[in-house]
Amino acid sequence: MDIRPARPDEFPLLQRIEDASGAPFRDFGMPEIADDDHLPLDELARSHVWVAADPGPVAWIAVVELDGHAHVEQVSVHPDHARRGIGARLLDHVQEWAAGRGLAGLTLTTFRDIPWNAPYYERLGFREVAELSPALAAVVAEEARRGLDPVKRVCLHRRIDNGVRKRY
């Protein structure tokens, strides 16, 4: 499995991977999340995006710099390739990239009680953010504007110490 920067011509495929990776939300009683719009092409173009390719993209991650952190906007693994550690490898890749840029760590927002969301990230060393920065609070506010209940969401952080992943 090769992790490499995404090419702009692959962005429509990445949207299809995101749509497919959202399907399990339907089985979890959250069809509105399964049917939610994917990350728009213009947002993908403004983000740092990497794919896991085997040989073509089967998973991807999009990141922006936010408050001195690499903020994960989206990570999607096609269901045909799920449960193989690909998402964790993408996160580790971003962590190495962030360390090289002198960033403090990774942040993301996710569902608090969905097994493949917050509990998954916590197993990978992420911890709940105690106090939101203004920029992270703006992310949460934008999610709420789009209909995501802030009570069901959580902001998580995994810090970088000397370029090495720090598990708490």
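The values are calculated or read from the model by the stated rules, or taken from the named source; none is laboratory data. Please read all numbers here as calculations on a predicted model, not as lab measurements. Reconstructed Cβ throughout: ideal geometry from the backbone, glycine too, with neighbour counts over all protein chains shown.
Looking for whichever is over 19 Å from W116 (Cα atoms) and at pLDDT below 95 here; the options are D27, D19, D36, D42. Which one fits?
Of the residues listed, the single one that is over 19 Å from W116 (Cα atoms) and at pLDDT below 95 is D42.
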What tally of residues in the stretch 126-162 results from selecting those that are in contact with a strand residue (DSSP E or B) (Cβ under 7 Å, 6 or more places away or on another chain), at pLDDT below 95 and either of a type in the set (G, A, S) or over 28 Å from G29 (Cβ atoms) (or both)?
3
What's the number of the condition W50 fails, among (1) among the aromatic types (F, W, Y); (2) modelled with pLDDT of 90 or more; (3) over 22 Å from G125 (Cα atoms)?
(3)
Working only within the stretch 34-54, note down all residues that are assigned to a helix (DSSP H, G or I) and either touching a residue at least 40 places away in the same chain (Cβ under 8 Å) or of a type in the set (D, E, K, R) (or both).
D42, E43, R46
Go through (1) closer than 26 Å to A99 by Cα; (2) in contact (Cβ under 8 Å) with a residue 24 or more places away in the chain; (3) touching a His at 6+ places or on another chain (Cβ under 8 Å) for A6 and report which single condition fails.
(3)
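Check E65, E73 and return the single one that is within 26 Å of P150 (Cβ to Cβ) and either surrounded by fewer than 16 Cβ atoms within 10 Å (Cβ to Cβ) or among the aromatic types (F, W, Y) (or both).
Among E65, E73, only E65 is within 26 Å of P150 (Cβ to Cβ) and either surrounded by fewer than 16 Cβ atoms within 10 Å (Cβ to Cβ) or among the aromatic types (F, W, Y) (or both).
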Of those in the stretch 108-157 that are β-branched (V, I, T) and assigned to a loop (DSSP other than H, G, I, E, B), the residue farthest from G85 (Cα to Cα) is V129
Given (1) farther than 20 Å from D35 by Cα; (2) within 14 Å of the chain's Cα centre (by Cα), where does W116 come up short, assuming only one miss?
(1)
Does L106 satisfy the condition of being over 21 Å from A138 (Cα atoms), hydrophobic (A, V, I, L, M, F, W, C) and either buried (at least 20 other Cβ atoms within 10 Å of the Cβ) or out of contact with any Asp or Glu (no Cβ under 8 Å at 6 or more places or on another chain) (or both)?
no
Among (1) out of contact with any Phe, Trp or Tyr (no Cβ under 9 Å at 6 or more places or on another chain); (2) buried (at least 19 other Cβ atoms within 10 Å of the Cβ); (3) of a type in the set (D, E, K, R), which single condition is E18 missing?
(1)
